[in-house]
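A quick write-up on the structure given underneath.
The values are calculated or read from the model by the stated rules, or taken from the named source; none is laboratory data. Every value quoted in this text rests on a predicted model; they were computed, and no experiment measured them. For neighbour counting, all protein chains shown are included, and Cβ atoms are generated from backbone atoms with ideal geometry for every residue, glycine included. Side chains are part of the model used for accessible areas, which takes the heavy atoms of the whole protein and leaves out ligands, DNA and RNA. Shrake-Rupley method; radii C 1.70, N 1.55, O 1.52, S 1.80 Å.
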Amino acid sequence: MSTRRDRDRVDLLQGTLDLLILRTLRLGPAHGHAIVKAIEYGSENVLLVEQGSLYPALHRLIKRGWITFEEGTSENNRRAKFYQLTAKGRKQLDLETSKWDTLARAVGRILRPASQE
Amino acid sequence: MRRARRALSGLDDDIRAHIERETQENIDRGLSPEEARRLALIRFGNVSLVHEDTRAVWARPWLDDLWSTTRIAARTWRRTPVLAIAIVVTLALGIGATTTAFTLAYSVLVQQLPFPNPDRLVWVTTYDSREAASPAAIGSNRLPQFADWQHHLTTFEQVGAWAGSAPDVFTVTGAGTPERVSGLRVTQQLLPMLGASPVIGRLFGIDEDKPRAAQTVVLSHGYWQRRFASRTDIVGESITIENVPHTVIGVLSPLFPLSGSLFAGAPIDMYLPLAVDGDDDIGGFMAVVGRLRPGVSAEQARGELASRQIALSVGKWEWMAVLRQQVTPLADLVTRNARSPVLLLLGGMGCVLLMTCVNLANLLLVRGSGRRREIQVRMALGASVGRVLAQMTVESALLVAVGGTAGIAIAVGAIGSLQRATWLSLPRIGELQLGWPAIATVGIICATMSVTFGSVALLHLRQRDLMDGLRPHPGITTDRRAVYVQRLALATQVAIVIVLAVAGGLLLRSLARLVDVDPGFNPHGALAIRVDPAGRVAPPARLQFFDQVLERVRAVPRVESAALTIHVPMGDRPSMGWDAIPEGREYNPTTDSAAGRIVSPEYFRTVGARILEGRDFDARDIRPHPFVMAINETFARRLRADGIDPLRARFRVLGNVRQVVAIVSDAKDRGLDDSARREVYIPIGQAPSFFQSYDLVVRADDPMALVSSIRAAIWNVDRNQALGTPVALEEYIGRTLMPRRLLTGVISAFAGIALLLAACGVYGVVGYRVSQQMREIAIRLALGAPRRHAIAAVLQDTMTCVGFGLAVGSVLAMATAPFIRTYLFGIEPRDAATFVTACTVVVGAALLAAYLPARRAPQVDPIAALRVE
């Protein structure tokens, strides 16, 4: 069972998690489980996010109008909520991606000042 | 909210489905079902936490908190309904009274008049520069002056005028029964200048106030609705007014504020054109209102008016050379009488507000002491002081909201009835309206109250008492500080009530005495109309003119008598100050002054004064016959005290030596509280010729019904004689009483409210004490004390406070009563009877308020109360 400390750890990555969800949904609508799997596989199992934290993140994104959802049936004939990007979400994804790139480049420059290739 | 609901619906299912999928995946990878599920749950995390966190995304924490806090607060108050009701009633009364007073003061003293550019609107009034300065009289300008001003003034943007000083009475005949309506004759510019706009038709055009123009009329909205059922085809129709057909050219918007602002609320039914002819020497009086040009001062305007006056006073108008004008801002003249009563009203309002706050603080304190245990338990369980304070604030805010709303409803009702009380003659009564300033002020007061009382409730909470509250039998409050404040609060309230009650009582008795005063004449069944032949009738012919007028008027059926006087007593203008110098002596300024009046024969009978000795003036008393005069009782008494026979005395008045031929009863002049002084009367036939305008006094059963006939009779003599507004003599007296009535009414109302508030306070406190002291009372009863001892125990403490407050209040009342001496009449500020009555009433009310809840005390069941909860 997670404790308050674990939750704090996840909170640090909150913004990043949102970004990853948006990116995942760019490829098309998906339900919650599928999104988690996509992130895990996509990062080659490096990013093992606590799966439950997906749901508050999804609802945050819904609240801000970046994604929306629909009731649908999944591949094994189960009912599930399918989430998809909105136009606003698409724009936000582009914005966040470029911010992330800038951040990563800046940190990288400090960590490895010599490597300019 | 909807989105949240929609998103959160099925969250359970979503989470469950997710975990199942993960489980299935694990199974597919080869794990056993139980192991798969266990792993899936670990990977997922704490399900209920996820649930909470997801919900929390949508929650608006402060709003939900507020809602639950409010519900708890409402539940808490339900446990002590009596106290809650006492507090709500207190708030309603206090806030209602404050809002009403504030609105009244605001509309009379602060609010701008509801006309366009009100800061530049002024009255122009004319006065005789030879006379001592007297308050500006509104309808004192003459037609030729206005005709000149219309075209030649540069300091004014515009000037407009109406006839007389107040709305006149017109008779409308023709369709249906003849009716008397109130109307105003105005010049063409006046209505547009004051911002009037027509809902149908139009206002007067430029040529329609010229003499011999076709007669037109503009109806007021109210009259149009009443008489013509809001017919839209009314424009172009003809109505017969005063036997002359008038064409209706338009109907005014219902929002036109003239009658409410400048004429104390009496509605004006129609507007007729006032014929302005610069060459005509009709001397009718008009009230003139003008708008100054931006940047022009009243002084500059006065100067220009003075030079215009000089330029005008040539040829046949040479006699006008002594006239000068005053320029006064529009609101000043209207509100001058009401200013100090309104200020006193604000003082009373302050008292009531103070009482309300003290009352509330006391009630909440009493309540707070009973909740110490609850608060201490909560704080022991970890509630922060801020949280508890927030709870308290919400609790008070809840009651303040309810009480405040009720208070505003009361205020709206009070303001509504004030608006309809045209008998009060309140200036600007039509503008009385619950506006944003009042509501904003009330809102601020309520908010402050909520927070203050929330904190007051924590006043007696001290950290070291923490254990005390947790003991099983908390008993009554032992906090000396809180008890002391309670007692002080109650005593203060009683003291304030006494002060207000004594003031109210003194004012009421003064008013009652004043109204009973014999004015020295009979004001019922008489009216006065100003007749001014100046310019039209040359001095030698004037007497004859007046004789003819009197003859015709006396011939009107149902007229009992008619006469002329220079100024009717208690009217718009006071009597004049003359000197009555005993024959053969030198002028002595200290002893020789007297109030003077010029009257025609039959005056005394018409106005209802009594001729005590001698004879009335008659046809003999004209030049060149011997000059005569009459004096009043007071004058005669002083002569007799000096050993002189009044009927043989001779005095020099206005340049001629006159023989006293009559002694008449004293007549009040400026107001019913006038003190007696010397008065002299001289007959119209022997008065200096520069007096030209007189009040025609007519006595009849219902004189106002005869106005048309009287006017017709006068016009029989001179078709174009302009006449003033007919006013019943009783109304003149009423006008002098207005400020007093207003003040008395207000202070009495405040005293009543304060009494109710104090009673509420006592009721609430005693009621709560009873419930607190249930245990004690029960023990006493169980030990055999008679029932009435139980009541006495509860009452004793409260009545001691009341007694103390009574003492302090009496001292305060004694000290402050002399401040209202100017408003008292026939009664001393320290009148014993009033004091005793006020104290008795207050004590009686307090006793009753304390007795009602105390009655319940002996009904306590000892067994039930002694049981440990």
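Residues of the range A:71-81 that are away from chain B (no Cβ under 11 Å) and either open to solvent by 20 Å² or more (accessible area, probe 1.4 Å) or over 13 Å from B:Asp14 (Cβ atoms) (or both): A:Thr73, A:Asn77. Within the range A:32-64, the set of residues being at the interface with another protein chain (Cβ under 7 Å from one of its Cβ atoms) and open to solvent by 40 Å² or more (accessible area, probe 1.4 Å) comprises A:Glu50, A:Arg60, A:Lys63. Given the options B:Arg29, B:Arg3, B:Arg21, B:Arg37, name the one that is modelled with pLDDT under 85 and of a type in the set (D, E, K, R). The unique qualifying residue is B:Arg3.
Kindly provide the set of residues from the range B:5-18 that are of a type in the set (A, V, I, L, M, F, W, C) and open to solvent by less than 10 Å² (accessible area, probe 1.4 Å), ordered by number.
We begin by selecting, within the range B:5-18, every residue of a type in the set (A, V, I, L, M, F, W, C); these are B:7-8, B:11, B:15, B:17.
Across the range B:5-18, the qualifying residues are B:Ala7, B:Leu11, B:Ile15.
What number of residues in the range B:554-604 are buried (at least 20 other Cβ atoms within 10 Å of the Cβ) and touching a His at 6+ places or on another chain (Cβ under 8 Å)? Selection size over the range B:554-604: 2. Test each condition in (1) assigned to a helix (DSSP H, G or I); (2) surrounded by fewer than 17 Cβ atoms within 10 Å (Cβ to Cβ); (3) not charged (D, E, K, R) for B:Ala749 and report the one that comes out false. Failing condition for B:Ala749: (2). Tell me yes or no: at least one residue of the range B:326-347 is open to solvent by 50 Å² or more (accessible area, probe 1.4 Å), assigned to a helix (DSSP H, G or I), touching a residue at least 40 places away in the same chain (Cβ under 8 Å) and touching an Asp or Glu at 6+ places or on another chain (Cβ under 7 Å). Within the range B:326-347 (the criterion being open to solvent by 50 Å² or more (accessible area, probe 1.4 Å), assigned to a helix (DSSP H, G or I), touching a residue at least 40 places away in the same chain (Cβ under 8 Å) and touching an Asp or Glu at 6+ places or on another chain (Cβ under 7 Å)), the answer is no, since none of the residues qualifies. Examine the range B:34-52 for a residue that is among the β-branched types (Val, Ile, Thr), at the interface with chain A (Cβ under 8 Å from one of its Cβ atoms) and over 40 Å from the mean Cα position of the chain (by Cα), and state whether such a residue exists. Among the residues of the range B:34-52, at least one is among the β-branched types (Val, Ile, Thr), at the interface with chain A (Cβ under 8 Å from one of its Cβ atoms) and over 40 Å from the mean Cα position of the chain (by Cα), which makes the answer yes. Going through the range B:624-653 one residue at a time, which ones are of a type in the set (A, V, I, L, M), open to solvent by 60 Å² or more (accessible area, probe 1.4 Å) and in a loop (DSSP other than H, G, I, E, B)? Answer for the range B:624-653, where residues must be of a type in the set (A, V, I, L, M), open to solvent by 60 Å² or more (accessible area, probe 1.4 Å) and in a loop (DSSP other than H, G, I, E, B): just B:Ile644.
Residues being surrounded by 15 or more Cβ atoms within 10 Å (Cβ to Cβ), in contact (Cβ under 8 Å) with a residue 60 or more places away in the chain and either part of a helix (DSSP H, G or I) or among the hydroxyl-bearing types (Ser, Thr, Tyr) (or both): count how many of those fall in the range B:526-549. Break it down into steps so the answer makes sense when it comes.
Filtering the range B:526-549 down to residues surrounded by 15 or more Cβ atoms within 10 Å (Cβ to Cβ) leaves B:526-537, B:542-543, B:545-549.
Imposing the further condition that a residue be in contact (Cβ under 8 Å) with a residue 60 or more places away in the chain reduces the set to B:526-537, B:542-543, B:545-546, B:548-549.
So of that shortlist, the ones also either part of a helix (DSSP H, G or I) or among the hydroxyl-bearing types (Ser, Thr, Tyr) (or both) come out as B:542-543, B:545-546, B:548-549.
Total satisfying the criteria: 6.
Hey, among the residues in the range B:168-223 that are small (Gly, Ala, Ser), in a strand (DSSP E or B) and touching an Asp or Glu at 6+ places or on another chain (Cβ under 8 Å), which one's surrounded by the fewest Cβ atoms within 10 Å (Cβ to Cβ)?
Initially, the range B:168-223 is screened for residues small (Gly, Ala, Ser), giving B:174-176, B:182-183, B:195-197, B:201, B:205, B:213-214, B:220, B:222.
Now drop any that are not in a strand (DSSP E or B), which leaves B:182-183, B:201.
Then keep just the ones that are touching an Asp or Glu at 6+ places or on another chain (Cβ under 8 Å); that gives B:182-183.
Numbers: B:Ser182: 19, B:Gly183: 25.
Only one residue tops the list, namely B:Ser182.
From the list B:Val394, B:Val402, exactly one residue is in contact with a helix residue (DSSP H, G or I) (Cβ under 6 Å, 6 or more places away or on another chain), hydrophobic (A, V, I, L, M, F, W, C) and open to solvent by 50 Å² or more (accessible area, probe 1.4 Å). Which is it?
Details: B:Val394 fails: open to solvent by 50 Å² or more (accessible area, probe 1.4 Å).
Among B:Val394, B:Val402, only B:Val402 is in contact with a helix residue (DSSP H, G or I) (Cβ under 6 Å, 6 or more places away or on another chain), hydrophobic (A, V, I, L, M, F, W, C) and open to solvent by 50 Å² or more (accessible area, probe 1.4 Å).
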